[in-house]
Amino acid sequence: MWMDHHDLLREFPEEAKAIVALRERNGHFDALCARFDVVNAEIVRIERGKESAGDARLHMLRLDRLKLKDDIVASLRQG
């Protein structure tokens, strides 16, 4: 199933400047964002049929993405 996917700056447009700034000065935050991008890209490839994966794998990737997004939002709130 194809779905519309956005990068973090589109997901959180009101936080775009904070995301860019925090990625530049915080290695841990940058790593979270990089991991989110990798996981999200894999999900997109699977959903668009460019890569195959079982339902369990796709479910785990979606959970991983959700956890990463939660961690990113928590880091943004901390500044």
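The values are calculated or read from the model by the stated rules, or taken from the named source; none is laboratory data. All figures in this text were calculated on a predicted structure; none of them were measured in a lab. Virtual Cβ from ideal backbone geometry, glycine too; neighbours counted across all protein chains shown. All accessible areas refer to the heavy atoms of the entire protein, side chains included, with ligands and DNA or RNA removed. Shrake-Rupley method; radii C 1.70, N 1.55, O 1.52, S 1.80 Å.
Mind listing whichever residues of segment 58-72 are farther than 18 Å from Arg25 by Cβ and not basic (Lys, Arg)? Before you say what the answer is, go through the steps one by one.
Pass one, segment 58-72, residues farther than 18 Å from Arg25 by Cβ: 58-70.
The answer is Leu58, His59, Met60, Leu61, Leu63, Asp64, Leu66, Leu68, Asp70.
Among the listed residues Glu51, Glu24, Glu11, identify the single one that is modelled with pLDDT of 95 or more and either open to solvent by 60 Å² or more (accessible area, probe 1.4 Å) or charged (D, E, K, R) (or both). Spell out how you get there, then give the answer.
Values: Glu51 fails: modelled with pLDDT of 95 or more; Glu11 fails: modelled with pLDDT of 95 or more.
The unique qualifying residue is Glu24.
Starting from segment 28-42, keep only residues that are more than 16 Å from Leu9 (Cβ to Cβ), then list their pairs with residues that are assigned to a helix (DSSP H, G or I) and charged (D, E, K, R) whose Cβ atoms are within a distance under 8 Å, requiring at least 6 positions of separation or different chains.
Val39/Asp64; Val39/Arg65
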